[in-house]
Amino acid sequence: MELYKRTLTDLLKMLDEKRVKLKDIHESLSYRIKSVDPKIKAFVNQNKDIDIENLTEENFKDTYLKGLPIAVKDNMSTDNIKTTCSSKMLENYSPPYNATVIEKIKKAGGIITGKTNMDEFAMGSSTENSAFFPTVNPWGENRVPGGSSGGSAAAVAAGMAPVALGSDTGGSIRQPASFCGVVGLKPTYGAVSRYGLVAFASSLDQIGPLARNVDDIALMMNVITGSDKNDSTCVNREYPDYTKYLKNDVKDFKIGIPNQYFEMDFDSEVRSSVMAAVDKLEAAGAEVQRVDITGAEYALAAYYIIATAEASSNLARYDGVRYGLRAKNANNLSEMFTETRQQGFGEEVKRRIMLGTYVLSSGYYDDFYLKAQKVRTLIKNDFDKLFKDFDLILSPTTPTTAFKLGEKRDPLDMYAADIFTVPVNIAGIPAISIPCGFDKNGLPIGLQLMGPHFKEEKLIQAAYSLEKILNLNIEYPKLK
Amino acid sequence: MINEKEVKYIADLANLKLSDDDVKTFSKQLSDILDYVEKLDELDTEEITPTAYTVPVKNVLREDKVEDSLDIEKVLQNAPEKINNQFRVPKIMDEDN
């Protein structure tokens, strides 16, 4: 088997047993990127400072990741590697420091090989909002990879990186993972430091891993979780060794199936694939029960108030003064602000800044923002109550498989792609998307497991079990 | 419903410059989104406390001691214009002010 097809777990084992050279792994992946990325376009920038010829195992002795390659979404600050957020605003921005997750990866002996494409400032569900170019889904040349972490999902699916980091504000890790047939985990809000993650919606954003199996997700969770003095929302607690939960055992699991989600109108192949997986979980000994929950459409409505409100505030910093784009030939400071923002932001970003500014503006705050914050309480209480009786809640990750490039033009239509993923961010709970089948077009279908706050280990155990039970043996997408 | 006049007002608050076409498009699209959001009125939230953060957030204090900050030269490498270790911006008022 070619090295680029191996998982992180496999590669670590091979390095341990001295069956492979670190240099050869990097060469295989670098060659893979050269051959398929011109078509997939998963990367915005490569790390050009890696001297593959001189990479030796010796340099990474006693590290956790042993010098293995990792791709990172282009909204995580990397010292001396451009961090663009796929926006013209930051096209030439080179951060003067590393995000905490980047520091953690480096300390663990991981090597950042490149920065992946995304919807501009993580606003979108297809990666078509990248100001540079759209990314193509490795499973279908006219299909989107999902978004906003579409570059990370496509890179992992196409074998250009064994694992990648993404960020998830309303489904931006799980939805592309589902569309690209990979595993993606959104950790509990506060489990991973956001320091150095370019802010979109600060009360919802969370960094998490994408990988080709659950083992690798557990490995990456061990690297990235933990409190941080630079992020006061990052929770100081004991984080377990997640690899200890890679057990094929669902006998003690009680899983809830939310009526309100399954009563919605969504793709019938997605439905039957997810329900088939539910049957198999039950056959493996899990207890499955229908449950009631606040409808996902309310979470989506609250999301588009909270997320845009926070975005309008976070993106106020892009004014052309300290870094990023500055419009030329402005006659005064105020003109420089507006011209810079006119030229630097794409349409979706402007739309969300507008919406966010509106819902926060005088006279509308109570009707929109405060109302949405109250609905957040309802949704969170709902989940908290369910988790008193259930270990996990299960749903599809997305209502459809990957849609066509250019297919969704209406903003609301695009927003609806996140209907099943958004409630998780609103409640701050963790969730994982894992592949559960393919539709008749050969496109991957994803299943979502949601768990209580800081119980990622439950998600990992159930997802690992499901991976074994379904035994999909996902072949590599056939890239022409 | 958000009319074109409101769109212009909001754009002004957000320091955005919109073309006439943008104003028309945004007026329609933002109205559609706000219509959708009205769904929230179906939920009774009278007695509900709003949630800003889903995990308990408390003040994190540290010792009041001097630590290294980012290297000024390195930070200024990203500055569109700089002068004497400071950011340089266009003048704040027009000539005739």
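The values are calculated or read from the model by the stated rules, or taken from the named source; none is laboratory data. Just so you know, these numbers come straight off a predicted model, no measurement behind them. Because the Cβ atoms are built from the backbone with ideal geometry, glycine has one as well, and the counts that use them run over all protein chains shown.
Observations
- Complete set of residues in region A:216-251 that are farther than 26 Å from A:Ala157 by Cα, more than 14 Å from every other protein chain (Cβ to nearest Cβ) and β-branched (Val, Ile, Thr): A:Val250
- Scanning region A:361-401 for residues that are small (Gly, Ala, Ser) and at pLDDT 95 or above turns up A:Ala372, A:Ser395.
- In region B:1-19, the qualifying residues are those that are of a type in the set (Gly, Ala, Ser) and within 8 Å of another protein chain (Cβ to nearest Cβ), and the one that is farthest from the chain's Cα centre (by Cα) is B:Ala11.
- In the set A:Gly170, A:Gly166, only one residue is crowded, with 24+ Cβ neighbours inside 10 Å and farther than 23 Å from A:Leu29 by Cα; that residue is A:Gly170.
The rows are residues; the columns are (1) at pLDDT below 95; (2) hydroxyl-bearing (Ser, Thr, Tyr).
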residue	(1), (2)
A:Arg32	no, no
A:Ile40	no, no
A:Phe43	no, no
A:Asn59	yes, no
A:Leu65	no, no
A:Thr78	no, yes
A:Glu91	no, no
A:Glu103	no, no
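- Residues of region B:21-40 that turn out to be more than 7 Å from chain A (Cβ to nearest Cβ) and in contact with an Asp or Glu (Cβ under 9 Å, 6 or more places away or on another chain), as a count: 5
- Complete set of residues in region B:55-97 that are of a type in the set (Gly, Ala, Ser) and under 24 Å from the mean Cα position of the chain (by Cα): B:Ala79
- Within region B:1-19, being more than 20 Å from A:Ile306 (Cβ to Cβ), in contact with a Leu (Cβ under 9 Å, 6 or more places away or on another chain) and part of a loop (DSSP other than H, G, I, E, B) holds for one residue alone: B:Met1.
- Unmet criterion (only one of (1) surrounded by fewer than 19 Cβ atoms within 10 Å (Cβ to Cβ); (2) modelled with pLDDT of 95 or more; (3) of a type outside the set (D, E, K, R)) for A:Asn236: (2)
- Annotation: B:Glu42 fulfils all but one of (1) farther than 30 Å from A:Asp228 by Cα; (2) surrounded by 11 or more Cβ atoms within 10 Å (Cβ to Cβ); (3) in contact with a Phe, Trp or Tyr (Cβ under 9 Å, 6 or more places away or on another chain); the unmet one is (2).
- Selection status of A:Ser203, surrounded by fewer than 24 Cβ atoms within 10 Å (Cβ to Cβ) and either in contact with a His (Cβ under 7 Å, 6 or more places away or on another chain) or in a loop (DSSP other than H, G, I, E, B) (or both): yes
- Selected residue (criterion: surrounded by the fewest Cβ atoms within 10 Å (Cβ to Cβ)) from residues of region A:55-74 that are of a type outside the set (Ser, Thr, Tyr) and in a loop (DSSP other than H, G, I, E, B): A:Asp62
- Among the residues of region A:317-358, those identified as among the hydrophobic types (A, V, I, L, M, F, W, C) and within 8 Å of another protein chain (Cβ to nearest Cβ) are A:Val321, A:Leu325, A:Ala330, A:Leu333, A:Met336, A:Phe337, A:Phe345, A:Ile353, A:Met354, A:Leu355.
- Output for region B:20-54, where each listed residue is in a loop (DSSP other than H, G, I, E, B) and within 20 Å of the chain's Cα centre (by Cα): B:Ala52, B:Tyr53
- Some residue of region A:259-280 being in a helix (DSSP H, G or I), more than 30 Å from B:Val57 (Cβ to Cβ) and in contact with an Asp or Glu (Cβ under 6 Å, 6 or more places away or on another chain): yes
- Qualifying residue in region B:63-70 (condition: within 9 Å of chain A (Cβ to nearest Cβ) and surrounded by 14 or more Cβ atoms within 10 Å (Cβ to Cβ)): no
- Residues of region A:25-54 that turn out to be farther than 30 Å from A:Gly140 by Cβ and either touching a Phe, Trp or Tyr at 6+ places or on another chain (Cβ under 6 Å) or surrounded by 13 or more Cβ atoms within 10 Å (Cβ to Cβ) (or both), as a count: 2
- If the condition is being outside any loop (DSSP other than H, G, I, E, B) and touching a Gly at 6+ places or on another chain (Cβ under 7 Å), then region A:435-480 contributes A:Pro435, A:Cys436, A:Pro444, A:Ile445, A:Lys458, A:Leu459.
- Residues in region A:385-418 that are touching a residue at least 40 places away in the same chain (Cβ under 8 Å), at the interface with chain B (Cβ under 10 Å from one of its Cβ atoms) and more than 23 Å from A:Gly442 (Cα to Cα): A:Pro411, A:Tyr415.
- Residue match in region A:294-305 (condition: of a type in the set (S, T, N, Q), under 30 Å from A:Ser268 (Cα atoms) and within 8 Å of chain B (Cβ to nearest Cβ)): yes
- Single match in A:Ser28, A:Ser94 (criterion: closer than 21 Å to A:Cys180 by Cβ and among the small types (Gly, Ala, Ser)): A:Ser28
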